[in-house]
């Protein structure tokens, strides 16, 4: 139970008393007597939960884990009606017995406790609530990894030229299978990494674009690093 749930439980008990004909209101501390019953929940002490590290860190952490044990004083006060206060106290004792995460404490209340808070003794008991914290698990996202088989790739050296073998600078060469794009230098030369036909890779196509002209060329099956690939691009006026 988190702290908000513990307090909500105390308030729910108070509402339940009203349904039993014992109109009551809830308070976190001692308040001046007024008409009707007052249910007080006062935090007396807190200690680390011994189960927090009893078994080490589990491989699969639960949604919640123990954090601390909180000791509360539950008291009932009413204006000159001891029978009603005792009846309400018995109903609250039964509610604690049914509530998971809470248990009654058998320790007697010392008279000095009432003196310390400056109030007269009244029907009361102590309970211990198990305070838990929600475990936030990291959200794991699937990461797709790509393995590059270097044995199946080859760096091709080529040259883009016109019909008259004049080098074409700035031509865009795209390997359609991967979308990889390179540009030819001032001598028309380029280098492109592509599947090696000799490794069993299926032959593909490249797209060459320069000066408003676009052409596609099939990748030769006999292409190697030591045999440059000549791409002849027919430009307007050639």
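Suppose we keep only residues that are assigned to a loop (DSSP other than H, G, I, E, B) and modelled with pLDDT of 65 or more within the range 195-213. Which one would you say is surrounded by the fewest Cβ atoms within 10 Å (Cβ to Cβ)? Selected residue: 212. For the range 7-27, taking the residues that are free of Cβ contacts under 8 Å to residues at least 24 places away in the same chain and touching a helix residue (DSSP H, G or I) at 6+ places or on another chain (Cβ under 8 Å), the one that is nearest to residue 91 (Cα to Cα) is identified as 23.
Can we say residue 107 is assigned to a loop (DSSP other than H, G, I, E, B) and more than 22 Å from residue 132 (Cβ to Cβ)? The answer is yes for residue 107.
Among the residues of the range 74-89, not one is at pLDDT below 80 and under 21 Å from residue 102 (Cβ atoms). Quick one: in the range 177-191, which of the residues that are part of a loop (DSSP other than H, G, I, E, B) and at pLDDT 85 or above is surrounded by the fewest Cβ atoms within 10 Å (Cβ to Cβ)? Out of the qualifying residues, it is 186.
Okay, residues lined up against (1) in a helix (DSSP H, G or I); (2) out of contact with any strand residue (DSSP E or B) (no Cβ under 9 Å at 6 or more places or on another chain); (3) under 30 Å from residue 134 (Cβ atoms); (4) at pLDDT below 85:
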{"site": "8", "(1), (2), (3), (4)": "yes, yes, yes, no"}
{"site": "12", "(1), (2), (3), (4)": "yes, yes, yes, no"}
{"site": "31", "(1), (2), (3), (4)": "no, no, no, yes"}
{"site": "35", "(1), (2), (3), (4)": "no, yes, no, yes"}
{"site": "43", "(1), (2), (3), (4)": "no, no, yes, no"}
{"site": "46", "(1), (2), (3), (4)": "no, no, yes, no"}
{"site": "53", "(1), (2), (3), (4)": "no, yes, yes, yes"}
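Okay, residues lined up against (1) assigned to a loop (DSSP other than H, G, I, E, B); (2) in contact with a strand residue (DSSP E or B) (Cβ under 7 Å, 6 or more places away or on another chain); (3) modelled with pLDDT of 85 or more:
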position: 151; (1), (2), (3): no, no, no
position: 158; (1), (2), (3): no, yes, yes
position: 165; (1), (2), (3): yes, no, yes
position: 174; (1), (2), (3): no, yes, yes
position: 193; (1), (2), (3): no, yes, no
position: 215; (1), (2), (3): no, yes, yes
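Under the condition of being in a strand (DSSP E or B) and over 13 Å from residue 40 (Cα atoms), the residues counted in the range 116-134 number 7. Within the range 96-119, restricting attention to residues that are more than 46 Å from the chain's Cα centre (by Cα) and surrounded by 10 or more Cβ atoms within 10 Å (Cβ to Cβ), the residue that is nearest to residue 49 (Cα to Cα) is 114.
The values are calculated or read from the model by the stated rules, or taken from the named source; none is laboratory data. No experiment lies behind these values; they were computed from the predicted model shown. Ideal geometry is used to build each Cβ from the backbone, glycine not excepted, and the neighbour counts take in all protein chains shown.
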